[in-house]
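Structure, as structure tokens:
None of the figures in this text is laboratory data; all of them are computed from the coordinates on show. Note that the coordinates shown come from a computational prediction; the quantities given were computed from them, not determined experimentally. Don't worry about glycine lacking a Cβ; one is built from the backbone with ideal geometry, like all the others, and counts go over all protein chains shown.
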Amino acid sequence: MQAVGVGSQAASEFFFQWRIEAPRDGVGIVNLAAYDNSDFNRGAPAWVEALWWVARSLFFAGWFPLPSALRCALLRLFGARIGHHVVIRSRVNVTFPWRLEIGNHVWVGEEVLLLSLAPVKIGNHVCLSQRAFLCTGSHDIRSEAFRLVTRPIVIEDQCWIASGAFIGPGVTVGRHSVCAAGSVVLRDIPPQTIASGNPAQTRLRGADQPGVR
Ligand SMILES: CC(C)(COP(=O)(O)OP(=O)(O)OC[C@H]1O[C@@H](n2cnc3c(N)ncnc32)[C@H](O)[C@@H]1OP(=O)(O)O)[C@@H](O)C(=O)NCCC(=O)NCCS
């Protein structure tokens, strides 16, 4: 298939290389052939990761409402630190359990994605609603080789990460804060704050609200 008015050479350049910024000095042309993550520490031997893929496919990927206790036990078996009274719903997707820490009384809703390439630490009394995405990974868009960048995420006690919220690499969400549905959170959120929108804007939780001291 060939795009109208575009030669095959030009078309392939269009699909496989794209300009990120004006190529004044040749920097900024992405070349995925140069991608190399061999220095990325995966944190566990390949056979453990392979076994985790099996467990993940059998006990996490489906809709069947298996007991949370079973899922917590499996996560612990693969190195996660999980507190008590933790609810893990169906289709929760954890990349590396050995980089996951969850406190007590935490709810993790359906289809939550925990991309734990770097450590993900979730405090006590935290609710992660459906399809929230805690994303510890990104790429350096100034690097020709599309260099992998990973940074940890911390969700402090009593936070609510609402449905479809995106929490980016390196973000700490301060105690008793809310990341509203669909928010895109790329910077730290102070305690007792509501973050909403893309990019997230913040406002303080009202002092009249229950739980605010
Ligand atoms: C954040 C949330 C809790 C509302 O908080 P609130 O303080 O009661 O907010 P209000 O409804 O009073 O709205 C305050 C302002 O924030 C805006 N706002 C509320 N939620 C928003 C969101 N998700 N994204 C962007 N703006 C939002 C409102 O439009 C309003 O703006 P305005 O002042 O310009 O009119 C709610 O909107 C939300 O995101 N809920 C998540 C629902 C969910 O994930 N459910 C999972 C299943 S239980």
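Gap in Å between the Cα centre of the range 57-98 and the Cα centre of the range 149-196?
Cα centres, the range 149-196 to the range 57-98: 22 Å.
Near the amide H of ALA165, under 5 Å away, which other amide H atoms are found, from residues 5 or more places off or on another chain, if H is placed in the peptide plane?
ALA132, PHE133, GLY182, SER183
According to the square roots a ≥ b ≥ c of the eigenvalues of the Cα gyration tensor, what is the shape class of the range 154-194, taking rounded for a/c under 1.5, prolate for a/b larger than b/c otherwise, and oblate for the remainder?
Working: a/c = 1.76, a/b = 1.15, b/c = 1.53.
Note, shape of the range 154-194 comes out oblate.
For the range 42-195, what does the alpha-carbon gyration tensor say about shape, rounded, prolate or oblate, given a ≥ b ≥ c as the root eigenvalues, a/c under 1.5 as rounded, and a/b over b/c as prolate? Walk me through the intermediate numbers first.
Numbers: a/c = 1.72, a/b = 1.09, b/c = 1.57.
Because a/c hits 1.5 or more and a/b fails to exceed b/c, the range 42-195 counts as oblate.
Report Rg/Rh for the range 111-213, rounded to two decimals, where Rg is the Cα radius of gyration and Rh the Kirkwood radius. Mind showing how you got there, number by number?
Values: Rg = 13.8 Å, Rh = 13.7 Å.
Using only Cα positions, Rg/Rh for the range 111-213 is 1.01.
Pairs of alpha-carbon atoms within less than 8 angstrom and 6+ residues apart define the contacts here; what relative contact order does the range 114-173 have, in percent?
Values: 147 pairs, mean separation 25.3, N = 60.
Worked out over the range 114-173, it gives 42 percent.
Considering only the other residues whose Cβ falls under 12 Å of the Cβ of VAL173, what net charge follows from Lys and Arg at +1 and Asp and Glu at -1?
Working: positive: LYS121, ARG175, ARG187; negative: GLU156, ASP157, ASP188.
Every neighbour counted, the sum reads 0.
Local charge sum around ILE122 (other residues, Cβ-Cβ under 14 Å, Lys/Arg +1, Asp/Glu -1)?
Numbers: positive: ARG81, ARG99, LYS121, ARG175; negative: GLU101, GLU156, ASP157.
That works out to +1.
Determine ³J(HN,Hα), in whole Hz, for all residues of the range 85-99 in sequence, where each value follows from phi through the Karplus function 6.51 cos²θ - 1.76 cosθ + 1.60 and θ = phi - 60°; x replaces Gly and Pro.
Running phi through 6.51 cos²θ - 1.76 cosθ + 1.60 with θ = phi - 60° gives 6, 9, 10, 10, 6, 5, 6, 6, 10, 10, 6, 10, x, 5, 10 Hz.
All other residues with a Cβ under 10 Å from the Cβ of ILE82 taken together, and with Lys, Arg as +1 and Asp, Glu as -1, what is their net charge?
Result for the local shell: +2.
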